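The values are calculated or read from the model by the stated rules, or taken from the named source; none is laboratory data. Worth saying up front: this structure is predicted, and the values here are computed from it rather than measured. Please note: Cβ atoms are built from the backbone with ideal geometry, for glycine as well, and neighbour counts cover all protein chains shown. To get the accessible areas, we keep the full protein, side chains included, count just its heavy atoms, and leave off ligands, DNA and RNA. Shrake-Rupley method; radii C 1.70, N 1.55, O 1.52, S 1.80 Å.
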Amino acid sequence: MYTMVFDNLRPWMARGITKKDLDACTPVAAADMNTTYGTPGQQFRLLMWNNEAIITSGGLRRNAGQEGLEYYQISQIQDAAWRFGLPNMEFAVGFGDMSSIAGERDGGLCPLMIYCKKPDHYDILIPDGQFTQYMYDTWLEKNRMDNYGEPWDKKVDKAVGRYTGYCSAEAMTGRFGVSEKCIRLAYSNHSRDTKHEFTDLKLVEPMPLAEHRKWKYTVHLDGIGCSNRLQKLMATGLTILKQDSTLTEFFYGGLRPWVHYVPTGYNGVDEVSRMVQFLRKNDDMAKAIGEQARKFAHEHLSEEGRLCYIKVLFEETKKLMQYEPKLVDFPNTITFDDEMKDHLVEVNATQVDAFADLVADHLAALHRARELQVRNAQLDKEAAELRAENETLLRSAEEAKHSAVASAQYAALEARTQELQSELTAAYKEKASLAEASLQATRQLQVVRDINERQSKELSDAAEEAKRLRDQLRELRRQADHYREAHATVSKEMEARLAEAQAASARADSLEAESAELVRRIIGMKDREADRLNEMNRQEAETVARAKQEAASILAEARAKALSMARRSVASDGAEAMVEGAMRSLRLEGEDELPTAVVKSIAGAHAGGCYGLAFSRTGAQLASGGADKTVKIWEPSTATPLATLHGSFEGINAVAFTSDARLVLAAENKLAVRAWDVSSGRLRLSLTGHQNKVTGVACSPADANVVATCAADRTIKLWGLEKGFAVRTLMHHSTCNTLALSSDGALIASGHFDGALRFWDVRSGRQAHEVAGLHSQQITSVCLGASGSMVLTCGKDNLLRCVDVRRFEVRHTLSAPAFTVGGAWTSACLSPSEQQAAAGSADGTIFLWDVPKGSVAARLREPKQAHSAVACAWCPLGLPLVSSDKAGGLTFWGGGGGGGGGGVTRRGRQHSL
């Protein structure tokens, strides 16, 4: 930021700033003016003396168009002096729209401070004073980090611009095939004529800056000079496409292209459109540029930043000064505050008239007191003279006595003495009365002074209150204008909405009548359809009953034949297995076969523990993930490994297949989700965006390109695999441990650390429902049944709960005295028919529950199992059931025909051959 100070002062660094240079800044007559020094009256000289700005020449303008610009230009310099203290020096300030100093004049190079300049001119840049006038800091406050319009992804991705025709007459011929008077008009006309889909540039009345925040991008164009809109636009967080300009302001030295703004040339709207297309493809970059611009405005363009810049500028300028000014050299000066003198005199006259009589009485009493003081002094003098004469007479009388003066003469002297004594006594009495009158006048004077001081204080308080009320009135007027504009806008919108509502009401009446007729017809159709279905159900029930009887006879016959063959065969075990297979193939629909024995146990499949299991939708493949940073693909029926997938940098918490089984995804114990191609085993995607470890992953059954993940950063993200990035982020105050997607992909069920089950609408991105307090401790897993009507949750409180998705009510609670959840990643699962549920306990036992009855149906236990069971997954085809433990082992559980030594303890009916 401050490099601009040194760049501006470089012409004087070798030579210094002399008195001759300052004299070159004196405004001259209009007849002698040229383009080098600007318009008469657009500059003036000041003296900074003891932190007071004193005007020494020039004078403030009174033309209607620009009244007050000088006031605010000097005001910010005065504020910097009062806040930081500025050195005593003489300086010159300009307030025109364009730079002025293009070279020397009369041998001097004027160090003129101005807010806008061209690169080849010698002006010294200073902040624009209008930002004090228009309360720029208030604008910054309205655009804080948490308050700057619509969310970024909801903004219009066009470049907006609303301009006035107040701009310079730069030659535009040849750029667009027409000659326009200024670049703003050229851009707006070209945008209108070509109807660009990337820009919205218009030459109309100014639009409030707050309205600009509905767009993502804006185009900044110069006016006659530097347009101060740039500083205001930077505070909004929009991505600014800034025209390459020959004009600069004090803060341009701190701006960087592609960091704080996007540069564009003079090549018209087509170039702007190309930039907008680029920014659309690089949306994160565009948003970051807008954020950097807004951060820059808050740090450097606030009142504190501008005043700091002025402080540095004056200190560096003082170092180059070759002379010291003296206040006596400027007899005809006026302080900055004298500008308000006339107004204060009028206010003072209005307020003093009310106390004119009291002031007159005060002055009369003061005059009387002074007269009494003079009379008292005269009496003191006469008394002194009488005392002196009396003493002379007494001495004469003594001398007459001693010299035997004649008695007649002595008697005359005695009489004279008595007369003088009487006069002296009278003088003393008059003096006493005068002293008493003087004391009384002094008391009255003191009373008048007290009244005057009290009234002066009241006047001062009244003046401060009047100033506060004037400021409040200005603010109320500004708010009233804003409210009037908002009311007008709302009124127009309400009228439009009312018209739409009336049209919609008429349409609704018509549709209601049509709907009533359709409902009547549909009810008749449904009645006929219900009768037909009842007849079909009756026939189906009879058919099923006959089929069961036939199946029972076929099973009995098959069993008898198989046992007969077994007695005649040496390999009786094979015959027994063949019988069991035949029975499984003939098992009636609706009866889930419970796993009873270990088909195969694989110790150490994942070193450090296996925490994620998932079947493909068809049940043809099984994926497992663990702490060894690998994902393995298995053939479930034979429990043989098909592939080992590498590429993860951390342990795996969860795995999932896409609906088409082409990709398998793994939630990494850090910040990413990895996706592999199942057929080739190659790593296809790395989905990054979470700020903490990823705890769960689920794929949409309805769309192979939609994936949902949750993480410890309290977010749920929806990903588009075709795009490779997050399309929506859902946030909640409680960490989400696990999640699942409904069969139509429209609903997400998520289990949280606070024990609540929450449902989210994928289309709107909002929470649809919450089952609070479902578990007293955190939820470790969520499993959606195949029908989509039931959710199974497992919690650290050692309970499993079945929740009806349609009513959001708990239908069943599953528990067992010996069942204990072994960790935060313990996952439970439902059978394909949703009649059974399975979960692993801390002692390694797999518990099977009969869901409708709410009781334990069986316990599966591998004899050598010594580790806590973590995850369970039930094949969509029925069997096998697969479990994993903290040691990384996998166990495939099948029907009674399986081998491996595992045992089952059943409750309820017993099955035997």
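Figures for the structure shown
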| quantity | calculated |
| --- | --- |
| Ordering of 671-679, 274-282, 836-844 by burial proxy (mean other Cβ atoms within 10 Å per residue, highest first) | 836-844, 671-679, 274-282 |
| Listed residues T695, V810, F615: farthest to the positive end of the dipole of the range 608-825 (Cβ charges) | T695 |
| Kirkwood estimate for the range 608-825, i.e. one over the average of 1/r between Cα atoms, Å | 17.3 |
| Apportionment of accessible area to carbon and sulfur, the range 608-825, percent (1.4 Å) | 47 |
| Long-range amide H partners of A702 with built H, under 5 Å | G745 |
| Per-peptide average of other Cβ atoms within 10 Å, ordering 705-717, 527-539, 438-450 highest first | 705-717, 438-450, 527-539 |
| Karplus 3J(HN,Hα) series, Hz, for the range 819-826 with 6.51 cos²θ - 1.76 cosθ + 1.60 (x for Gly, Pro) | 7, 9, 6, x, x, 6, 10, 5 |
| Theoretical FRET efficiency, 1/(1+(r/R0)^6), r = Cβ-Cβ of E593 and S855, R0 25 Å, to 0.05 | 0.85 |
| Surface accessible to a 1.4 Å probe, per residue, for the residues of the range 218-318, Å² | 33 |
| Cβ-Cβ FRET estimate between R532 and R806, R0 fixed at 25 Å, reported to 0.05 | 0.40 |
| Listed peptides 460-469, 372-381, 610-619 by packing density, highest first (mean Cβ within 10 Å) | 610-619, 372-381, 460-469 |
| Length gained when the stretch A384-R520 is fully extended (0.36 nm per residue, less Cα-Cα span) | 35.7 nm |
| Amide H within-cut-off set for Q835, under 5 Å, with H built and near neighbours excluded | none |
| In sequence order, calculated HN-Hα J values of the range 411-417 (Karplus, 6.51, -1.76, 1.60; Hz; x Gly/Pro) | 5, 5, 5, 5, 5, 5, 5 |
| Residues of the range 608-825: accessible area per residue with a 1.4 Å probe, Å² | 40 |
| Segment E542-K492, length gained on full extension (0.36 nm per residue, minus Cα span) | 11.1 nm |
| Local electrostatic count, K457, Cβ distance below 13 Å [Lys/Arg +1, Asp/Glu -1] | -4 |
| Karplus 3J(HN,Hα) series, Hz, for the range 471-488 with 6.51 cos²θ - 1.76 cosθ + 1.60 (x for Gly, Pro) | 4, 5, 5, 4, 5, 5, 5, 4, 5, 4, 4, 4, 5, 5, 4, 5, 5, 4 |
| Net charge of neighbours whose Cβ lies under 12 Å from the Cβ of Q539, counting Lys and Arg as +1 and Asp and Glu as -1 | 0 |
| Two-site FRET efficiency, F649 against F6, from Cβ-Cβ distance with R₀ of 41 Å, rounded to 0.05 | 0.25 |
| Relative contact order %, the range 608-825, counting alpha carbon pairs below 8 Å whose residues are six or more apart | 10 |
| Electrostatic dipole magnitude of the range 608-825 [Cβ: Lys, Arg +1; Asp, Glu -1; Cα centre; debye, to 20] | 240 |
| Cut-off under 5 Å, modelled amide H: who pairs with A711 long-range | T695, C736 |
| Average Cα contact separation per residue, the range 603-672, under 8 Å, 6 or more apart, as relative contact order % | 28 |
